[in-house]
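Here's the structure we're looking at; comments come further down.
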Amino acid sequence: MRHLISPLDFSVEELDKLLDLANDIENNPDKYADACKRKKLATCFYEPSTRTRLSFEAAMLNLGGSVLGFAGADSSSAAKGESVSDTIRVISSYADICAIRHPKEGAALVAASKSDIPVINAGDGGHQHPTQTLTDLLTIRSLKGRLDNLTIGLCGDLKFGRTVHSLIHALARYENVKFILISPEELRVPEYIREDVLKANDIEFQEVERLEDAIGELDALYMTRVQRERFFNEEDYIRLKDFYVLNKEKLSQAKEDMLVLHPLPRVNEIAVEVDDDPRAVYFKQAQYGVYVRMALILTLLGIEV
Ligand code: CP
């Protein structure tokens, strides 16, 4: 039995196979319509979500399976003090596979250690968000045709943004990928990403504060929102929340084929006027999230079509 807790749980070859499967699902949805008949997905979300939870549910429904679960800690027995370990042991007898989102780093790993069914980390605190990374990789590979030889700009809250941490981990394994990390001083990537992932693997990277200083070099710009829920005080959040706003004027300095990605939800960091630009692919990216989660469910359940 396999789980997905970190983006590194799949080798590059396994990732390629998963992304190929996602593309096949996109092109031939009918072929997969009954692949998970009589299978059940549990979505255990202790934190708010729109895309991740609903795209997992859509994925399982598209595969002919069913879904059950909860969308907030308050509507589960966590509100009465039940541990994640106990909850997953119970869910193991109700469902065939489980996606879990939790505010605490490591919660999905704890769940996997007690589970009799595959567990998928749907986001653990400020740590990792591996299925968003699968979505991001599928988007970049489908629209750029490759995952190597790219200059990727990551902009915004690089400290608390778990999607950024997972994406750096995953892309660092491809050839000749260069990162430009664009953030205010207080929101730079955590030390372990800089030292243990980037420097340890001899990955080329730069850290800059001004988006304008980097945008012209990028093949893809990954915008992120400032993660209000992870700040210790509101004043710091208010000071930093609008540090970056990508608008038409800034985008005019970018390459004609640069992709603008965002895991969403967006707050103010991309002006709505950018949405109609063909380089803005963040809504398409959310759609890719369904295909890749379908591929992941099939892979973890060992179902071949
Ligand atoms: N991208 C993402 O994780 O969105 P949600 O928080 O809406 O699931």
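Summary of computed values
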item: Within region 213-240, tally of residues that are touching a Phe, Trp or Tyr at 6+ places or on another chain (Cβ under 8 Å) and open to solvent by 40 Å² or more (accessible area, probe 1.4 Å); result: 1
item: Enumeration of residues in region 211-230 that are in a loop (DSSP other than H, G, I, E, B), touching a helix residue (DSSP H, G or I) at 6+ places or on another chain (Cβ under 7 Å) and more than 13 Å from Leu158 (Cα to Cα); result: Asp219
item: Residue in region 193-206 that is modelled with pLDDT of 95 or more and touching a Lys or Arg at 6+ places or on another chain (Cβ under 6 Å) present; result: yes
item: Every residue from region 21-37 that is outside any loop (DSSP other than H, G, I, E, B) and surrounded by fewer than 13 Cβ atoms within 10 Å (Cβ to Cβ); result: Asn27, Asp30, Lys31
item: Residues of region 42-86 classified as without any contact (Cβ under 8 Å) to a residue 40 or more places away in the chain, assigned to a loop (DSSP other than H, G, I, E, B), open to solvent by less than 60 Å² (accessible area, probe 1.4 Å) and within 13 Å of the ligand (Cβ to nearest atom), total; result: 2
item: Test: residue in region 101-115 that is more than 16 Å from the ligand (Cβ to nearest atom), open to solvent by less than 10 Å² (accessible area, probe 1.4 Å) and either out of contact with any helix residue (DSSP H, G or I) (no Cβ under 6 Å at 6 or more places or on another chain) or under 22 Å from Arg162 (Cα atoms) (or both); result: yes
item: Every residue from region 20-32 that is of a type in the set (A, V, I, L, M) and over 17 Å from Met60 (Cα atoms); result: none
item: Top-ranked residue of region 260-279 - restricted to ones that are within 21 Å of Thr52 (Cβ to Cβ) and touching a strand residue (DSSP E or B) at 6+ places or on another chain (Cβ under 9 Å), ranked as surrounded by the fewest Cβ atoms within 10 Å (Cβ to Cβ); result: Arg266
item: Filter result (out of contact with any strand residue (DSSP E or B) (no Cβ under 6 Å at 6 or more places or on another chain), open to solvent by 30 Å² or more (accessible area, probe 1.4 Å) and outside any loop (DSSP other than H, G, I, E, B)) within region 170-195; result: Glu185, Glu186, Glu191, Tyr192, Glu195
item: The listed residue being modelled with pLDDT of 95 or more, open to solvent by less than 10 Å² (accessible area, probe 1.4 Å) and of a type outside the set (A, V, I, L, M, F, W, C), out of Thr151, Thr139; result: Thr139
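Quick grid of which residues meet (1) in contact (Cβ under 8 Å) with a residue 60 or more places away in the chain; (2) within 22 Å of Pro118 (Cα to Cα); (3) assigned to a helix (DSSP H, G or I):
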{"site": "Pro263", "(1), (2), (3)": "yes, no, no"}
{"site": "Pro278", "(1), (2), (3)": "no, no, no"}
{"site": "Gln285", "(1), (2), (3)": "yes, no, yes"}
{"site": "Gly289", "(1), (2), (3)": "yes, yes, yes"}
{"site": "Arg293", "(1), (2), (3)": "yes, yes, yes"}
{"site": "Ile297", "(1), (2), (3)": "yes, yes, yes"}
{"site": "Val305", "(1), (2), (3)": "yes, yes, no"}
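The values are calculated or read from the model by the stated rules, or taken from the named source; none is laboratory data. These numbers come from a predicted model, not from an experiment. A quick note on method: Cβ atoms are made from the backbone with ideal geometry, for glycine too, and the neighbour counts reach across all protein chains shown. These accessible areas exclude ligands, DNA and RNA; they are computed on the full protein's heavy atoms, side chains included. Shrake-Rupley method; radii C 1.70, N 1.55, O 1.52, S 1.80 Å.
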